[in-house]
Amino acid sequence: MTDPKPAHLNAANRQDFVLIFDVTNGNPNGDPDAGNLPRVDPETGLGIVTDVALKRKVRNYVDALKGGEERYKIYVQQGAILNNQHQRAYAALGKDPKEKKQADIQEAKKWMCANFFDIRTFGAVMSTEVNAGQVRGPVQLTFARSVDPILGLDAAITRVALTKPDPKQAADDETARSGTMGRKAYIPYGLYVAHGFYVPAFAGDTGFDDADLEVLWQALVNMWDLDRSASRGLTACRALYVFSHSSPLGNAPAHKLFDRVKVSRSADVSAPRQWADYAVTVEDTDLPQGVTLTRVTE
């Protein structure tokens, strides 16, 4: 007799999860409206990483892991022309998008869901010039917020190699006389907490299944190692806790389950600079009936 399916890998039931990650000497999510400085809540000073930034990392990881497989293509890619992706669906189905038949649009939507992981997961609005409908995804993420206020810094940097010579230099002088100045935004340290939800009621429309759920957990844990850059600093997933319900609609409110995961700074630490400066406690006893807690990593 085979072992029963792990609760957190059952796409038939609701899943609520807590993602904890940290950043050391890096910029986890720059704000283009603020000179790419780290995003911050102006009232509290807490750092913010948007859900869009987190989804981008998930997409990149899945693309690297399984992008060569038909079911795991990525729809939202940098530089991609989305109407061209919709056209692929109509071409595969032998349909003409110019006819704008509702039956054809529904078939195109199903094809897109079947072939693109991020549409199946997060949903997409595809009702553009080449109409492939729109779908609401079963997985949603909140903004991540830092546990403590972050200290946004802006370091001066110089570049010694120039793109073109100084106009005052002689034509045959190929050596740069001086470098150019630049800025690099970062925070010394920040511990962030994000929350997420999987609602199976929406999975039926997209075809999201058990295998997709397993890939999602894998991405949330490992995507940070693929997202390395000089500006990111050292980022890492510190914990992923999944509250699995025994029914599609759930057995307890998500916010009450999230309240069971508490992150606190050590009393003797005034300026946290590492993961060890914090403690995470999880109330895993007396869980609501029908709810199971899985520590995917911690």
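The values are calculated or read from the model by the stated rules, or taken from the named source; none is laboratory data. Owing to the predicted nature of the structure, the values given are computational and were not obtained by experimental measurement. Here the Cβ is made from the backbone with ideal geometry for all residues, glycine too, and neighbour counts use every protein chain on show.
Quick notes
- Taken over segment 27-45, the criterion of being among the small types (Gly, Ala, Ser) and either assigned to a loop (DSSP other than H, G, I, E, B) or buried (at least 22 other Cβ atoms within 10 Å of the Cβ) (or both) is satisfied by Gly35, Gly45.
- The residue list Gln85, Gln15 contains one member that is crowded, with 19+ Cβ neighbours inside 10 Å and modelled with pLDDT under 95, which is Gln85.
- Filter result (closer than 17 Å to Gly207 by Cβ and more than 31 Å from the chain's Cα centre (by Cα)) within segment 89-108: Leu93
- Scope segment 249-293; condition in contact with a His (Cβ under 7 Å, 6 or more places away or on another chain), more than 19 Å from Phe21 (Cα to Cα) and not aliphatic (A, V, I, L, M); matching residues: Asn251, Gly290
Every residue, every condition in (1) touching a helix residue (DSSP H, G or I) at 6+ places or on another chain (Cβ under 6 Å); (2) within 17 Å of Ala114 (Cβ to Cβ); (3) of a type outside the set (Val, Ile, Thr), yes or no:
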site	(1), (2), (3)
Asp41	no, no, yes
Thr44	no, no, no
Ile48	no, no, no
Lys57	yes, no, yes
Tyr61	yes, no, yes
Gly67	no, yes, yes
Asn83	no, no, yes
Arg88	no, yes, yes
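- Ile48 vs. criteria among the β-branched types (Val, Ile, Thr) and in the same structural domain as Asn13 (by TED's automatic domain parsing): yes
- Any hit, segment 50-69, residues being polar (S, T, N, Q) and modelled with pLDDT of 95 or more: yes
- Looking at segment 195-282, the strands (runs of 3 or more DSSP E) lying wholly inside it that each contain 3 or more residues that are modelled with pLDDT of 95 or more and aliphatic (A, V, I, L, M) sit at 234-245, 278-282.
- Residue match in segment 201-224 (condition: at negative phi, hydroxyl-bearing (Ser, Thr, Tyr), in contact (Cβ under 8 Å) with a residue 12 or more places away in the chain and surrounded by fewer than 18 Cβ atoms within 10 Å (Cβ to Cβ)): no
- Meets criteria (polar (S, T, N, Q), over 22 Å from the mean Cα position of the chain (by Cα) and at pLDDT below 95) for Thr292: no
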